[in-house]
Each structure stands twice: as structure tokens, then as C-alpha cells.
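Okay, structure first, notes after.
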Amino acid sequence: IAVLHGLLVTLTLGMGLDFYLPMMTGAAVFCFGLREIRTRGKLIEMGFLAGVGIFVAVWALGLARMIGSVWNPWIVAAGWKVLWVESRWGAAGGIFVSMLMSAILPPVERVFKITTAMTLLELCDANRPLLRRLQQEAPGTFNHSLTVGIMAEAAGNAIGANGLLCRVGAYYHDVGKLSKPQYFIENQTGGAPNRHEKLSPAMSLLIIVGHVKDGIELAREYGLPWVVHQFIAQHHGTTLVEYFFHAAKKRKEQEGDHIAEVSETEFRYPGPKPQTREAAIIMICDVCESVVRSIEEPTAGRIEAAVHTMITMRLMDGQFNECDLTLKQLSIIEEKLIRTL
């Protein structure tokens, strides 16, 4: 796009190669040097490098032109002055572009729904309002999210996915639990009665499943980018809420109601299933961390068995059918999570 745009500008202004090639030199430095923008300083750094590239390109083309006109001393004398002025303006242009881009990048990201690594790193800051609120009101969920973030980033990097995006998604995937934090086990204090004991399985299901919808609403309220919304909506996919499903079946049996069956569909999350590899990784890390945390005496063998079982269950349940995660990548993820845990 830069090559085409530069060509159109050159033709419109009636300029030649002396104008086009230095401009393309600066564009090439930016395009190949900014594969990932993690800091604003990176933009300024690339601006200086682009300026140097343009400066050198202007001098190289100018010297080549003067060598062809060496027979005319007046042209050569004027050429040195023009070269010096043009090369400085070209270098300044490279720096100016980087500063301008640094200023307009946030609204560009918002309008075109693009999230750079720089924005993702800012979202990782524990002082962000939503993360600070999670830390204060649901400390168990906050610690769970941090652990899942470590696991997810390692697993994502291992298969060539966006590890930083996985970490950010993990930090925010359970923010919906802020609406009713004490109804989730990681936030319940030791010895305190479980609040679900006084509720029917159907009512408990509504609270548990509802944290997905509540999380989406909080993400909108706090202005989180769309790319984070997918982790909140998809980290459970359409999985079965097994504990309350079996509790409902047991309750039916105790009531002697053998006619009406408990529908498994009613006790599933609404979805959607993970649409990306990163969302699938968050799903796997979320359930594996929860299961391993509940093991009373964790050993290497028990952790390995638990991780393998959880991944296999999600695979056989069809939760990865809508993302481009391969069996080989699942195997790598499993190995990485076992090591991390």
C-alpha cells in the first residue's frame, strides 16, 4: 500500500525517482521495523531510523546526479546546497511522521478496531480501573486470572500464537464475577458456608452462567477493546456446568420425580465456542488451573493426568471445532501447561 500510495503522490506532483525512492526508503523502515509496537518509544526510534534512511537515500541519488553533471561546475556547486537542504527536510519528515503517528494511533485503533501490542501492555497494568476493582472486590478471581495469564502466555508463545494477547485475555476473562463474587469458590473464605447450599441448582446455574454476560457489560462500560470481549464471551464456550447439572439430577431423584429428566442443554453455557487459538488457550488454561488448584495433594502425576483429562474432555465435547487449533498444537499446549503448573 505504501509503494502504491507513494507512486500516486509522485505522479500527481510530477516528481521523479529523486522524490519517490527516498520516500519509499522511509516507508520500508517503518513497515519492516514496526512488526510489533510495544512502546511509544519504538515509534520515535523508527522515526529516527527512517530519517537516517531518507537522508542517506537523498545524498546517494544526489551524488549520482552530480557525477553525471561533473562537467558543469555551476550545477555541482548548486547541487551541494540543494542536497543539504533536501536531505535535512527528508530526515525531519521521517521524525515528524513518527511523532504524528504516536499522537493519532489511539483513535486509529479505536476507529478501525485494531489493538497494538502497546495497547495490550497498557491493559496489563494492575492499576487499570477494572483490574483494581477486581483485586479489591474479588481477590480470589484476581489471583486466578493472574495465574491463568502466566499459563496462557507461555502456551500461546509455544505454538506461535499471540502470547501477549493471551495474557491480557486471561486477566479480563472473569471480570463478570464482580457482580456476585462470593458465589464463586475462589472468593469464598475457608470455613464459611457455601452460598449455593441455600439455592436451587437452577438458580445457582443462572448466577454462574451470568458472569459471562455481566463481563461483556463491564467490558463495554470500561471501554475495553473488542479483541478482549471475545475472551470473556468464549472462555467457557458451550461447556456443561457439570456440578449443578448433577446436583439437579440428584435433586430430582430425591424428590422421586423419575419422569421429568434434567436436560443437559439447559445446563450449558450459551457460547459461542472459541473462534481463535488464543480464546481456546484461555478456555484450556482456565479449567486446568481451577482443577489443579482443587487437588488436595498435587503431584506431578496427578497434575499431568488432570490436564490431559480436561483437554480431552473439551476436545471430545467439540469446543475447538470453530477455531484453527490443531491436534499437534493441543499436544504442545498440554506439555507446556504441565510444566508451568
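The values are calculated or read from the model by the stated rules, or taken from the named source; none is laboratory data. Note that this is a predicted model, so its numbers are computed, not measured. Counting neighbours? That spans all protein chains shown, and the Cβs are built from the backbone with ideal geometry, glycine included. Ligands, DNA and RNA are excluded from the accessible area calculation, which covers all protein heavy atoms including side chains. Shrake-Rupley method; radii C 1.70, N 1.55, O 1.52, S 1.80 Å.
Annotations
- For segment 61-201, the fraction of alpha-carbon pairs in successive 10 Å shells from zero, as %: 10, 22, 19, 14, 11, 9, 7, 4, 3, 1
- Residue ranking by accessible heavy-atom surface, 1.4 Å probe, largest first, among Asp324, Asp214 comes out as Asp324, Asp214.
- For segment 90-132, trypsin sites (Lys or Arg not before Pro) are listed when DSSP marks them as loop and at most 13 other Cβ atoms sit within 10 Å of their Cβ; the list is Lys113.
- Using alpha-carbon coordinates, inclination of helix 201-221 to the longest axis of the chain, degrees: 20 degrees
- Of the solvent-accessible surface of segment 203-276, computed with a 1.4 Å probe over protein heavy atoms with every protein chain present, carbon and sulfur atoms account for 53 percent.
- Checking the Cα-Cα distances for Lys180/Lys213; Lys177/Lys198; Lys198/Lys250; Lys252/Lys273 against a 22 Å cut-off, the pairs over it are Lys252/Lys273.
- The relative contact order of the chain, computed from alpha carbon pairs under 8 Å that lie at least 6 residues apart in sequence, is 14 percent.
- Taking Cα centre as origin and charging only the Cβ of basic (Lys, Arg, +1) and acidic (Asp, Glu, -1) residues, the dipole magnitude of segment 1-148 rounds to 160 debye.
- Across segment 27-156, the mean sequence separation of Cα contacts (distance under 8 Å, 6 or more residues apart), normalised by length, yields a relative contact order of 29 percent.
- Quotient of the Cα radius of gyration of segment 16-137 and 2.2 N^0.38 Å, N being its number of residues: 1.53.
- Segment 159-200 - Kirkwood radius from inverse mean 1/r over Cα pairs (Å): 12.7 Å
- Sites Glu109 and Leu17, calculated FRET efficiency, Cβ-Cβ separation with R0 45 Å, nearest 0.05: 0.80
- C-alpha long axis of helix 277-293 to longest principal axis of the chain, angle in °: 40 degrees
- For segment 161-251, size of Cβ-based charge dipole, Lys and Arg +1, Asp and Glu -1, in debye: 300 debye
- Relative contact order (percent, whole number), segment 192-341, Cα cutoff 8 Å, 6+ residue spacing: 24 percent
- Sparse-neighbour loop sites [GluC sites (Glu not before Pro); segment 252-322; at most 13 other C-beta within 10 Å; DSSP]: Glu255, Glu261, Glu264, Glu296
- Per-residue ellipticity at 222 nm, computed for the chain from helices alone with -39500 (n - 2.57) per DSSP H run of at least four residues, works out to -23000 deg cm²/dmol.
- Each of Leu341, Asn162, Ala57 was scored by the projection of its Cα onto the charge dipole of the chain, and the greatest displacement toward the positive side belongs to Ala57; charges sit on the C-beta of Lys, Arg, Asp and Glu.
- Largest first, the residues Lys252, Lys177 sort by 1.4 Å accessible area into Lys252, Lys177.
- Extension reserve of the Lys180-Leu240 stretch, reckoned as 0.36 nm per residue once the Cα distance is removed: 19.6 nm
- The calculated FRET efficiency for Glu266 paired with Val9, based on their beta-carbon distance and R0 = 56 Å, is about 0.40.
- Compared with the dominant principal axis of the Cα atoms in the chain, helix 40-68 is inclined by about 30°.
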